[in-house]
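Right, one structure below, let's go through it.
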Ligand SMILES: *Cc1c(COP(=O)(O)O)cnc(C)c1O
């Protein structure tokens, strides 16, 4: 028996229906204003988002990948420098390092949290290392304490990749405010998502704010005069207005994600070989993804699809095994935890508008598949 219609991994139409009146008004307001790039909406969103995080400043940019690139440029990470990140991450993290002219150096993740394992940092450092990019993957904060301590000892810049972790907390402080800089994505399916591409650069050193803002627009400090070479990566007014409608709901949406994740965990604890991503101590995940680890993942995923449950695999290949990154010189076996995770992980449907009943149906279907 198959669930009909199928339960989707994410369904953004439910949220739009809830927000439609407010959202349509915000979009109309922008259209009527005649101002589409870096106007009042973007300036207000930047202030509201920085206030939400309790960060000194945020700059709206075109996407999360650009936010990471701009963070590296703002910190003046020189071309040829090495930047350490996790092997288990979105390609965007690594693409941004390359765009900034630096060389990505990978480290493995911890078995429990699937985020950067600080114990892997010492062998990865060289005389050219300038920065570390921990990734708060699936909404779960990386264990920042040992990473920040290592960075401080070696005078390295820390840029947090918060693309999946809007509102997540480490030691009761929002991620994105622990490192020197933070990078957020507003890709539509993220915890805070635009209706197109968008991102934010969070700047935690007040003396870097002007530079960070200027670099997203050709390095202009004064209009049309480039003080240094920058790029064009701006959040547009429509996306900023859309994000301003959504930001006040982010906390309640994250609470709802936590509730649903706890329900999954309760329903699936002890079922077959199912394991969960474990948050480090004092880290509060915002569950961008509900990731389980399971034996025979591909077969389980196929049978769940047949049963009417859509799932995803984030990510099916760690960075070092992807064709484009063979040039980094790594081999199969170099990052065993990431490699094992990539064949075991499965993201179950999770978004704030998913119902408790739907979670129970997904769990029942999974238990069915595993007992067949
Ligand atoms: C989505 C994502 C990015 C890239 O963000 P875009 O807005 O798609 O450019 C980078 N890192 C992680 C971990 C992501 O999930």
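The values are calculated or read from the model by the stated rules, or taken from the named source; none is laboratory data. The model shown is predicted, which means the values in this text are computed figures rather than measured ones. All Cβ positions, even for glycine, are placed from backbone atoms using ideal geometry, and neighbour counts span all protein chains on display.
Results for (1) part of a helix (DSSP H, G or I); (2) more than 21 Å from residue 14 (Cβ to Cβ), shown as yes or no for each residue.
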position: 291; (1), (2): no, yes
position: 303; (1), (2): yes, yes
position: 320; (1), (2): yes, yes
position: 325; (1), (2): yes, yes
position: 330; (1), (2): no, yes
position: 354; (1), (2): no, no
position: 362; (1), (2): yes, no
position: 369; (1), (2): yes, yes
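Number of residues in the range 194-229 that are farther than 21 Å from residue 159 by Cα and surrounded by 21 or more Cβ atoms within 10 Å (Cβ to Cβ) equals 1.
Looking across the range 256-272, the residues that are assigned to a loop (DSSP other than H, G, I, E, B) and in contact (Cβ under 8 Å) with a residue 40 or more places away in the chain come down to 271, 272.
Among the residues of the range 284-297, those that are more than 16 Å from the ligand (Cβ to nearest atom) and touching a residue at least 40 places away in the same chain (Cβ under 8 Å) comprise 284, 292, 293, 294, 295, 297. Look at the range 170-186: where a residue is at positive phi and a partner is part of a loop (DSSP other than H, G, I, E, B) and within 12 Å of the ligand (Cβ to nearest atom), sitting 6+ places away or on another chain with Cβ atoms under 6 Å, you get 176/162.
No other residue among 231, 203, 242 is touching a strand residue (DSSP E or B) at 6+ places or on another chain (Cβ under 9 Å), within 16 Å of the ligand (Cβ to nearest atom) and over 26 Å from residue 315 (Cα atoms) apart from 231. The numbered conditions (1) under 21 Å from the mean Cα position of the chain (by Cα); (2) surrounded by fewer than 17 Cβ atoms within 10 Å (Cβ to Cβ); (3) not in a helix (DSSP H, G or I) are all true for residue 315 except (2).
At least 3 residues being within 11 Å of the ligand (Cβ to nearest atom), touching a residue at least 12 places away in the same chain (Cβ under 8 Å) and buried (at least 22 other Cβ atoms within 10 Å of the Cβ) is the threshold, and among the helices (runs of 4 or more DSSP H) wholly inside the range 64-146 those reaching it are 64-74, 91-99. Residue 191 meets each of the listed conditions (1) in contact with a helix residue (DSSP H, G or I) (Cβ under 6 Å, 6 or more places away or on another chain); (2) part of a loop (DSSP other than H, G, I, E, B) apart from (1). Restricting attention to the range 336-352, the residues that are outside any helix (DSSP H, G or I) and surrounded by fewer than 18 Cβ atoms within 10 Å (Cβ to Cβ) total 0.
Could you tell me whether the range 190-200 includes any residue that is more than 11 Å from the ligand (Cβ to nearest atom), under 21 Å from residue 53 (Cα atoms) and touching a strand residue (DSSP E or B) at 6+ places or on another chain (Cβ under 8 Å)? Checked the range 190-200: at least one residue is more than 11 Å from the ligand (Cβ to nearest atom), under 21 Å from residue 53 (Cα atoms) and touching a strand residue (DSSP E or B) at 6+ places or on another chain (Cβ under 8 Å).
For every residue, the table says whether it meets (1) within 30 Å of residue 215 (Cα to Cα); (2) under 20 Å from the mean Cα position of the chain (by Cα); (3) buried (at least 17 other Cβ atoms within 10 Å of the Cβ); (4) at pLDDT below 95.
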| position | (1), (2), (3), (4) |
| --- | --- |
| 231 | yes, no, yes, no |
| 250 | yes, yes, yes, no |
| 255 | no, yes, no, no |
| 276 | no, yes, no, no |
| 325 | yes, no, yes, no |
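Only one entry in 55, 43 is away from the ligand (no atom under 16 Å from the Cβ), surrounded by fewer than 23 Cβ atoms within 10 Å (Cβ to Cβ), over 19 Å from the mean Cα position of the chain (by Cα) and more than 30 Å from residue 326 (Cα to Cα), namely 43. Total residues in the range 198-224 satisfying the condition of being in a strand (DSSP E or B) and modelled with pLDDT under 95: the figure is 2.
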